[in-house]
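Asker: Dropping a structure here in structure tokens format, bear with me for questions.
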Amino acid sequence: MTRGIHQPLVLHEDRFFDSDPSVRFVARSLYEETRELPLICPHGHVDAALLADNSPFPEPTALLIVPDHYIFRMLYSRGVPLESLGIPTQDGTRVEGDPRKIWRCFASHYYLFRGTPTGVWLDHELSDVFDVDVKLDAHSADYVYDQIAERLAQPEFRPRALYDRFNIEVLATTDKATDPLDAHRAIRQAEWNGRVIPTFRPDALFRIASPEWSGELEALAHRFGRPIADFPSFISALQERRRYFKSLGAAATDHAVLEPYTARLSPGDADEIFRRALNSRATAADHVRFEAHMLVEMARMSVDDGLVMQLHPGAYRDHNHLVARRFGADKGADIPVATEYTRNLSELLNAYGNDPRFTFVVFTLDESAYTRELAPLAGHYPAMRLGPPWWFHDSIEGMTRYRHQVTETAGIYNTAGFNDDTRAFCSIPARHDLSRRVDANYLGRLVARHVIDIDDARTLARAMAYELARDTYRLGSAPATTAASAPATMGAR
Amino acid sequence: MTRGIHQPLVLHEDRFFDSDPSVRFVARSLYEETRELPLICPHGHVDAALLADNSPFPEPTALLIVPDHYIFRMLYSRGVPLESLGIPTQDGTRVEGDPRKIWRCFASHYYLFRGTPTGVWLDHELSDVFDVDVKLDAHSADYVYDQIAERLAQPEFRPRALYDRFNIEVLATTDKATDPLDAHRAIRQAEWNGRVIPTFRPDALFRIASPEWSGELEALAHRFGRPIADFPSFISALQERRRYFKSLGAAATDHAVLEPYTARLSPGDADEIFRRALNSRATAADHVRFEAHMLVEMARMSVDDGLVMQLHPGAYRDHNHLVARRFGADKGADIPVATEYTRNLSELLNAYGNDPRFTFVVFTLDESAYTRELAPLAGHYPAMRLGPPWWFHDSIEGMTRYRHQVTETAGIYNTAGFNDDTRAFCSIPARHDLSRRVDANYLGRLVARHVIDIDDARTLARAMAYELARDTYRLGSAPATTAASAPATMGAR
Amino acid sequence: MTRGIHQPLVLHEDRFFDSDPSVRFVARSLYEETRELPLICPHGHVDAALLADNSPFPEPTALLIVPDHYIFRMLYSRGVPLESLGIPTQDGTRVEGDPRKIWRCFASHYYLFRGTPTGVWLDHELSDVFDVDVKLDAHSADYVYDQIAERLAQPEFRPRALYDRFNIEVLATTDKATDPLDAHRAIRQAEWNGRVIPTFRPDALFRIASPEWSGELEALAHRFGRPIADFPSFISALQERRRYFKSLGAAATDHAVLEPYTARLSPGDADEIFRRALNSRATAADHVRFEAHMLVEMARMSVDDGLVMQLHPGAYRDHNHLVARRFGADKGADIPVATEYTRNLSELLNAYGNDPRFTFVVFTLDESAYTRELAPLAGHYPAMRLGPPWWFHDSIEGMTRYRHQVTETAGIYNTAGFNDDTRAFCSIPARHDLSRRVDANYLGRLVARHVIDIDDARTLARAMAYELARDTYRLGSAPATTAASAPATMGAR
């Protein structure tokens, strides 16, 4: 097959900008100033081993489809069995193994992504990263597959080469608290200047009522090198792990919870609940109280060690039990729930929200909280910043709503800049590019309506595309452990 | 009075399209391709007797005002007594009976509808259906009344003639489970080709704590032809009624609940609760559990008989007790409440949401659920589709928000197409026209910002205006009882 | 310093209008018709003593920064200690006392307000009220300070002169129920024609579980001139105070609660709870029930005395305990919570919502309630009107969302017009101007999309800018105590 018989794939230079000429003109000129800035990636899920090993990527299907739940959940929702997409089963039942057959199935359903960010990212990725010049559909499936496969075989498409070509300045991964971080160590020892840093994510250690907890605790004790028989030694082990993460460049911790409930336990209660957990007798109520306490503890440790604290609440995990049992977690079946912040965060913010040493980045899947709770909180507490639109909201409309809803109350400087939050390495440039375009367009709207002038817009565009992410996570060239750039505030609590 | 002294009523050809020329140009061209497509009406409240009898419509007031709570609630909200609008009272107290006087009152308050969908629909209806060429106000009231009355007397304005002129392909009514469907039978036997089909709505039979329940059950037993003394025979009777509805063309069931709570009862519990209901001792808690169980049962039956299941939750009925006591239900006093879907639908979706034989169309009056819960659910479960913007949201802004909030997560193909949901037969073309214009405009925005190209937009426009409604409700020319068009999915639960 | 070296501050004539020429053209022409209309200010927090004394304003910092929590909360959120902004402490600890130093700190952080309404208001105020012609920043700080200080020394900048220049028709303050209203009496006796009226706000008297309550009750008894030993005399005292407020021109009452819960107590329960309060034994649950009952009582009294009832629910006060302890209330640390209206207002609306003598203006900090609950309620109950976008939502985007979300269900005529809700006297013109621009732009969008025509838009623009506020609060030139302009409704409950 040749390109001739397919529809051309062309990324329009002005894509995602309003068509109104006044807005578009400003948006385009702002974007021109940010498009080449290095990428700061302070939160994501790329596997560090990718860059440690620097092996060639496998063929297109294994790279683009099988690991990406953004993609296969959409096909599943329209009736395509996950087995036919090669998603591995938990029990090893055979699934489709022919990558080209899976690719064709994907291509013939690619129309489902019209108007979605996944569609937009993929087009960018196909065109810009892999030089594909035709629209993907059932007819062009093989042609596109071959084109990508051909590129993947070239040395310029090895992970480190792409990292450099993508102009990534720093890439944070997300890692279990018990992870030995071997890949991160390998990268630091390699003859390569990429900055790949871990992020400390101890969620599993806080889920004391889960059957997996004792295994997690054992792993922690193993890393700690000592038994963990009581709550104080649990705390010590966590502190030690944070130190270890930090020694490998970590800038942040990350915490995923259903409700962002925070509350302190008395030392006695903490001890008692921890003991029940050790005896596998922790209840669901124990879990809630323990997790709430541990979030406050994490904030306390962040004040001490300078790791930025990230909170990602509100995802009801594994809503589809059949999919979870058969295929495992992270298969596109995590569904948001309404999330309360004002009361839930009260204890943590009252304890540490006024402390100039603390940075607390809060995310949401519940957009109704933007104007109601999150912008007012971020617009008051010195420690708090609003994370960028997360997951389902990491999109043209989602980002636009975010800026329009958040800015008037919190301003731009209480937001944390962009992060791509992706496990799809090759989609990173597409995601940053989309974000920079949407932010430029938002600013273009402000300028065209004379809310701000073009000089201010220029300064803001650079902040939104680059500086806010770098500074929020303290990722400046001279890594700082104290908040040097933050003005002094009112001191001790 | 003559037209000359009144302000002209002109429907602008480009109405509801963005004024930005790039968007408008695309929107107009997409709309040109969908405006003449037949109307699929898979959910609404037109009285089938209208088309069975095919009698002339009464005069304008009885046709347009007295039965339409969209209209009289607005006048009531600004202080016009319902009595003066001729709304019949429950106790037979006399109300205004002069249709022309009521019409004048309506006309002098018509300014209240500026910027509302009701105003827009009415202008369309007056202009396009009744050839009225002046704006309605106190001065033109009589002139307009006479014009409509004159038209209603003509044979071309009989219901079936209008049905044909409106280009309706299929019209679903909404009917109590115990309805004998005489009008539907009469239509099928008539010398007329209109396709009017019933929809199975058993709500009243699930409200076991209501004083009306025993009467409803009696009616069910009467239709069933056998006594209903226990839960299994209740289930059998419902299955039999569904068969009967289906025999008259029914494509769907419909369920209105306050909370969309779903949960299974054990057979023992179901039996026990049903027995309490038979003895008029069912509690409010029993009602909640029973209804939750019956929703799961309805899903089970839909898997078997192929009826599409519709769920309309979140309306707090009869909020104004004075209005309810004096004028009865459906008088514009139903007010939405916040509605939770993620947890509430969990049991039903886990039971049947992966089944390729099941289609489940979910509606909402709580727009905050679009991005948070509904789009993620519809973007994952094969069975689930999102219904179009319902009731207060069936409007220019409401539909626009819906598309902008839903598409990026669920895509277009997990939405169910448009339905007019109306009891106002003559407003049907206006409602579909508005929807087609708004969808064309939404797509125009995507094209003008180069999110999708014009070819894709053309395909989507046709899907949104016609195919999605037809296919979701399986209303294709060859009525299908199995989901033939759906790709095979992963099979048995 | 001279102007020459600073960036010019220019307010664009078309600011806040969409850049699309069709919208802008209409918006501009509508705004031209409303920009000079007098200002109706039916709700706000200006200190009446300002206009009673008519003393010169102090220097710029004491006028613009220290009293304005919109401003200093934003600086605080980015790490500027409140002490360094001169915010007085509760315990008298010394804070920064050099106004020029505070002003410089503010000026050097003024970039934080880019894209916020505070920034927009301030620019308007600096330019239009004080003739400042340069952008405020660290470099221009002293130049701007001197310019404002120079103006404040002139007689044309005394409060009454500004009131007249601002073209204020009526200005309502907000006053504790126990306030003697001395300043209001002084204004009425002065040789000046300004109309400054009090608003009755009895919140503190309903918080029976608060340690401050007994002091508040004592103050009430003092004003009442009799001891208050039981619930009936409490009611009598409140009625008497309402009469007193009305005698000084009051048009409305105002009520701030966390949840807008309304419910009647039996006379026995009311008595008993009140007795517990007298003995300082009222519980938090007592408080909730008592406040719910008192809201219904306030509605009842409004039916009798014609005072418009305003409800401002949903602000969680003093979220930051450290700030509250150190600096007191109203320091930018009040954070909204999700707010339920449908069920909570049911008892009050069922009791008085159908009464033509009652006007009930409801506000929200929870925008998700606009389309879900508030517009449907206001679009049904004759007594209810929706207040304008409040606080965080009193902004370009906030007002725009409000109109787009509310109008289609409630229409324009169930909204209450604009109020500025400010304690910053000099910002009043800026706030009304912004509101008139945004409403003109909203109407411009409707006209440009042919939803309404220009004639209707013209009528609506005038209503939104002036008449709705005047008529909702019955502030017409001939002060009316009965709802003369409201059409008769269905009479007795």
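The values are calculated or read from the model by the stated rules, or taken from the named source; none is laboratory data. Quick caveat: nothing in here was measured; it's all calculated off a predicted structure. Because the Cβ atoms are built from the backbone with ideal geometry, glycine has one as well, and the counts that use them run over all protein chains shown. Surface accessibility is based on the protein's heavy atoms, side chains included, excluding ligands, DNA and RNA. Shrake-Rupley method; radii C 1.70, N 1.55, O 1.52, S 1.80 Å.
Asker: Take every DSSP beta bridge whose two residues both sit in chain A, then give the antiparallel share in percent to the nearest 5.
Answerer: Rounded to the nearest five, the antiparallel share is 10 percent.
Asker: Can I ask one more? Just reorder B:I5, A:I187 by solvent-accessible area, largest first, 1.4 Å probe, all chains present.
Answerer: B:I5, A:I187
Asker: Ok, one more. Considering the rotational relationship between chains A and C, which residue of chain A contributes the beta-carbon of minimal distance to the axis, and what is that distance to the nearest Å?
Answerer: Residue with the nearest Cβ, plus whole-Å distance, for chain A: A:S368, 2.
Asker: Moving on. Hey, can you find the accessible area per residue of region A:323-367 for me, probe 1.4 Å, expressed in square angstrom?
Answerer: Accessible area per residue: 24 Å².
Asker: Within 10 Å of each Cβ of B:109-122, how many other protein chain Cβ atoms are there on average?
Answerer: Average neighbour count from other chains, rounded to a whole number: 5.
Asker: Give the nm distances, rounded to one decimal, from C:D142 to the matching residue in every other copy, measuring between label points 7 Å along Cα toward the beta carbon; shortest first.
Answerer: So the label point of C:D142 gives 7.9, 7.9 nm to the other copies.
Asker: How much FRET efficiency would the formula 1/(1 + (r/R0)^6) give for A:R275 and A:L248, where r is the Cβ-Cβ distance and R0 is 30 Å, rounded to 0.05?
Answerer: 0.40
Asker: Looking at C:L50, C:Y163, C:T116, which one has the Cα that reaches farthest to the positive end of the dipole of chain C (charges on Cβ: Lys, Arg +1; Asp, Glu -1)?
Answerer: C:L50
Asker: Still on this model: Can you list residues from other chains, or at least 5 along the same chain, whose modelled amide H is less than 5 Å from the amide H of A:Y381?
Answerer: So A:Y381 has HN proximity to no qualifying residue.
Asker: With r defined as the distance between the Cβ atoms of B:T89 and A:Q189 and R0 fixed at 60 Å, what FRET efficiency is calculated, to the nearest 0.05?
Answerer: Once rounded, the FRET efficiency stands at 0.10.
Asker: Shape verdict for the protein assembly as shown, please, from the Cα gyration tensor: rounded (a/c under 1.5), prolate (a/b greater than b/c) or oblate.
Answerer: Because its axes are fairly even, with a/c under 1.5, the protein assembly as shown counts as rounded.
Asker: Stokes-Einstein at 25 °C, 0.890 mPa s, Kirkwood radius from Cα pairs: D for region C:69-209 in µm² s⁻¹?
Answerer: 135 µm²/s
Asker: Identify, among B:Y370, B:A324, B:V337, the residue whose Cα sits farthest towards the positive end of the charge dipole of region B:278-384, taking +1 on the Cβ of Lys and Arg and -1 on the Cβ of Asp and Glu, with the dipole about the Cα centre.
Answerer: The residue sitting farthest along the positive end of the dipole is B:A324.
Asker: Using a 1.4 Å probe on the heavy atoms of the protein chains only, list every residue of region A:404-423 that has 40 Å² or more less accessible area in the complete assembly than in its chain alone.
Answerer: Buried on complex formation: A:H404, A:E408, A:T409, A:Y413, A:N414.
Asker: Ranked from the most accessible area to the least, with a 1.4 Å probe and all protein chains present, what is the order of A:L126, A:L258?
Answerer: A:L258, A:L126
Asker: What number, in percent, do you get for the relative contact order of chain A if the mean sequence gap of Cα pairs under 8 Å and at least 6 apart is divided by its residue count?
Answerer: RCO, chain A: 20 percent.
Asker: Sticking with this structure for a sec: Would you please name the trypsin sites (Lys or Arg not before Pro) within region C:55-122 that are DSSP coil residues with at most 14 other C-beta atoms within 10 Å of their C-beta?
Answerer: Here the trypsin sites (Lys or Arg not before Pro) that fit, given the DSSP loop and packing criteria, are C:R94.
Asker: Compute the FRET efficiency between A:A229 and A:D53 as 1/(1 + (r/R0)^6), taking r as their Cβ-Cβ distance and R0 = 30 Å, and round to the nearest 0.05.
Answerer: 0.20
Asker: Ignoring ligands, DNA and RNA, how much accessible area is buried between chains A and B, both sides summed, with a 1.4 Å probe, to the nearest 100 Å²?
Answerer: Using a 1.4 Å probe on protein heavy atoms, the buried area is about 4300 Å².
Asker: Here's another thing I want to ask about it. Which lysines have a Cα lying under 28 Å from the Cα of A:K101, excluding residues fewer than 8 positions away in the same chain?
Answerer: Output for A:K101: A:K135, A:K331.
Asker: Something else now. Got the B:L11 label distances to the other copies yet, label 7 Å along Cα→Cβ, in nm, shortest first?
Answerer: Nearest first, the other copies' label points are 4.3, 4.3 nm away.
Asker: Among B:T262, B:T459, what's the order by accessible area (1.4 angstrom probe), most exposed first?
Answerer: B:T459, B:T262
Asker: For region A:280-378, with all protein chains present and a 1.4 Å probe, just round the carbon and sulfur fraction of the accessible area to a whole percent.
Answerer: That fraction is 49 percent.
Asker: In region C:286-324, what residues drop by 20 Å² or more in accessible surface going from the chain by itself to the full protein assembly, probe 1.4 Å?
Answerer: At a threshold of 20 Å² (probe 1.4 Å), the residues of region C:286-324 that become less exposed are C:Y316, C:H319, C:N320, C:H321, C:L322.
Asker: Hey, another quick one. Tell me the distances, shortest first, between A:R281 and the same position across the other copies, using label points 7 Å along Cα→Cβ, in nm to one decimal.
Answerer: Ordered by increasing distance: 4.0, 4.0 nm.
Asker: Let me ask something additional. Label B:K101 and C:D128 with points 7 Å out from Cα along Cα→Cβ: what is the distance between them in nm?
Answerer: Output for this residue pair reads 4.9 nm.
Asker: To continue, here is another question. If one computes the Cα centroid of region C:406-481 and of region A:294-341, what distance in Å separates the two points?
Answerer: 44 Å
Asker: Could you please state how large a percent of the accessible area of region A:81-157 is carbon and sulfur, counting protein chains only and using a 1.4 Å probe?
Answerer: 49 percent
Asker: Does region C:1-115 come out rounded, prolate or oblate by the C-alpha gyration tensor, with a ≥ b ≥ c the root eigenvalues, rounded set by a/c under 1.5 and, if not, prolate when a/b is larger than b/c and oblate if not?
Answerer: Prolate.
Asker: So what are the ³J(HN,Hα) numbers for region B:159-169, from phi and the Karplus equation (6.51, -1.76, 1.60; θ = phi - 60°), rounded to whole Hz, Gly and Pro as x?
Answerer: x, 5, 5, 5, 3, 5, 5, 5, 6, 7, 8
Asker: Another one. Under unit Cβ charges (Lys, Arg +1; Asp, Glu -1), what dipole magnitude, rounded to 20 debye, does region B:294-375 have relative to its Cα centre?
Answerer: 300 debye
Asker: Restricting to the protein assembly as shown, compute how many DSSP beta bridges are antiparallel as a %, nearest 5.
Answerer: Of all bridge pairs located within the protein assembly as shown, approximately 10 percent are antiparallel.
Asker: Dipole magnitude of the protein assembly as shown about its Cα centre, charges +1 at Lys/Arg Cβ and -1 at Asp/Glu Cβ only, in debye to the nearest 20?
Answerer: Here the protein assembly as shown has a charge dipole of around 1340 debye.
Asker: Check C:H255: other-chain or 5+ apart residues with amide H under 5 Å from its amide H, H built from backbone geometry?
Answerer: Residues meeting the amide H criterion: C:Q310, C:L311, C:H312.
Asker: Accessible surface of B:Y442 in the full protein assembly, 1.4 angstrom probe, to the nearest 10 Å²?
Answerer: 10 Å²
Asker: Can you bin region A:148-306 into rounded, prolate or oblate? Criterion: square roots of the alpha carbon gyration tensor eigenvalues sorted a ≥ b ≥ c, rounded for a/c under 1.5, prolate for a/b above b/c, oblate for the rest.
Answerer: Prolate, because a/c is 1.5 or more and a/b exceeds b/c.
Asker: Assign unit charges at the C-beta atoms only (+1 for Lys and Arg, -1 for Asp and Glu), then state the dipole size of region B:78-151 relative to its Cα centre in Debye, rounded to the nearest 20.
Answerer: Rounded to the nearest 20 debye, it is 300 debye.
Asker: So, in Å, what gap is there between the alpha-carbon centers of region A:179-230 and region C:163-218?
Answerer: Taking the Cα centre of region C:163-218 as reference, the centre of region A:179-230 is 61 Å away.
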